[in-house]
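See below for the structure under consideration.
Each value in this text was obtained by applying a stated rule to the coordinates, not by laboratory testing. Model, not experiment: these values are computed from the prediction. For neighbour counting, all protein chains shown are included, and Cβ atoms are generated from backbone atoms with ideal geometry for every residue, glycine included.
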Amino acid sequence: MDIIEQIDDMYDHHTQQEVEQFMLEKRDQLLMDPEGVADLIAVCNELGALYREQSRYEESADNFERALKYTEGLAGTKLTDEYGILLINVAGTYRYKRDFAKAMEYYEEAHDIFEKLGKGGTFEFASLLNNMSNTYQDLGNTDKAYELASAAYEIIEKLAAGQTEEAVSLMNLASIALRKGDLEKASEYSKKALGIYDALNNRSGHYPAAVNLAAVVAFQKGDYEDALKGFQHSAELSLNHFGENRDYASALANVAVALEKLGRTEEAKETLAKAEKVKASLK
């Protein structure tokens, strides 16, 4: 098995803590192997992704940036697909850290690389546009966010209709519609995205966020029972997939708000206290 297959096998049969330890040991071994640079890059990238899922952002950024350094050294240039993809990865970590200036710096560098490589109609470029769109949403610039998300969706529709990538793009558009107050469009996009996930039986890391966003739409429409079920499902999915991370805490907080709306005050207080405890543990 190659290194990625080994890591996948570890995820299938071991705890996240055991997977982390396996990858750390592999990283240390590969640092001493001049012929193992490609595997070292893969391990650092996987560690960066794991730590981001666990809301361990400093460790995530460190590993992604190691991967960037090794990738440039191996290729002798930054102008490669691999380097551009890693830039998107590390930018995502800085976005979660809410260091939006740093995130945009990396995204813009990736944009420049993909344009120079003639990659404007690829999955990678669409992913970049979606990620930049998310950052503009965070910054409150919904017009720019919508422009980028729409451009990403046009690419994805041509390349992967009915696939996970389309669902991700649809959820991005749903989020923007929600911010704009267009609940019907938000509902339309989110239902279509969840339909794709369900048809594919896809339970990737994006799925809890998709369930949560659909519940937010239901809440805004006043469907509090449906919203509660969605928030509870999202919390369960986040916990099972990531452990007690930022997304799990956010989902619990949403559960508490829905419970309060339904007059279940004591349950709401208990759930909110649990959400705050999880948030505090991540600081």
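Find the Rg to Rh ratio for region 203-283, where Rh is the Kirkwood radius over alpha-carbon pairs and Rg uses the same atoms.
Radius of gyration over Kirkwood radius for region 203-283 works out to 0.96.
Could you work out the relative contact order of region 203-283, using alpha carbon pairs under 8 angstrom and six or more residues apart, expressed as a whole percent? Display every interim value, and only then the final one.
Values: 97 pairs, mean separation 20.4, N = 81.
Normalised by residue count, the contact order of region 203-283 is 25 percent.
Nearest 10 degrees is fine. How inclined is helix 183-200 to the longest principal axis of the chain, computing both from alpha carbons?
It is inclined by approximately 60 degrees.
Just want to confirm a number: the relative contact order over the chain, from Cα pairs under 8 angstrom separated by 6+ residues, in percent.
Relative contact order for the chain comes out at 10 percent.
Of the labelled options (1) 33, 24, 16; (2) 44, 19, 19; (3) 30, 26, 15, which one gives semi-axes √(5λ) of the Cα gyration tensor in Å as computed for this structure?
Checked against the structure: label (1).
Note the full-extension length gain between E260 and Q29 as 0.36 nm times their separation in residues minus their Cα-Cα distance, in nm to one decimal.
77.9 nm
Return one number: the angle in degrees, 0 to 90 and rounded to the nearest 10, between the long axis of the Cα atoms of helix 100-116 and the longest principal axis of the Cα atoms of the chain.
It works out to around 60 degrees.
Which one, V255, V216, V19, has the greatest fluctuation when you compute a Gaussian network model over the chain with C-alpha springs under 10 angstrom?
V19
Take every Cα pair under 8 Å in region 143-185 that's 6+ residues apart, average their separations, divide by the length, and report that relative contact order as a whole percent.
37
Taking the simple approach of a point 7 Å from Cα along Cα-to-Cβ for both E147 and E59, what is their distance in nm?
Placing both labels 7 Å along Cα→Cβ, they lie 4.0 nm apart.
Subtracting the Cα-Cα distance from 0.36 nm times the residue separation, let me have the gained length for K229 to T15 in nm, one decimal.
That works out to 74.3 nm of additional length.
In the structure displayed, which of K102/K261; K78/K191; K26/K97; K185/K277 lie more than 29 Å apart, Cα to Cα?
K102/K261; K78/K191; K185/K277
Distance in nm between label sites at F100 and L139, each 7 Å beyond Cα in the beta-carbon direction?
0.7
Whole number please: convex hull volume per residue of the Cα set in region 36-142, in Å³?
Given the Cα convex hull of region 36-142, per-residue volume reads 91 Å³.
Highest GNM mean-square fluctuation, the chain, Cα pairs closer than 10 Å: which of E124, E82, E270?
Between E124, E82, E270, it is E270 that shows the largest mean-square fluctuation.
How far is helix 164-180 tilted off the main Cα axis of the chain, in degrees rounded to 10, range 0 to 90?
50
Size of the dipole of region 30-167 about the Cα centre, Lys and Arg at +1 and Asp and Glu at -1 on the beta carbon, nothing else charged, in debye to 20?
That gives region 30-167 a dipole magnitude of about 240 debye.
Would you calculate, for the chain, the mean residue ellipticity at 222 nm contributed by helices, counting each DSSP H stretch of 4 or more residues as -39,500 (n - 2.57) and dividing by all residues, to the nearest 500?
Counting only the DSSP helices, I get -27500 deg cm²/dmol.
Gaussian network model of the chain, Cα springs within a sub-10 Å range: biggest mean-square fluctuation belongs to which of T77, T93, T164?
Sorting by GNM fluctuation, first place goes to T77.
So between K191 and S281, what do we pick up on full extension, going 0.36 nm a residue minus the alpha carbon distance?
Values: separation 90, 0.36 × 90 = 32.40 nm, distance 3.35 nm.
Extra length from K191 to S281 when fully extended: 29.1 nm.
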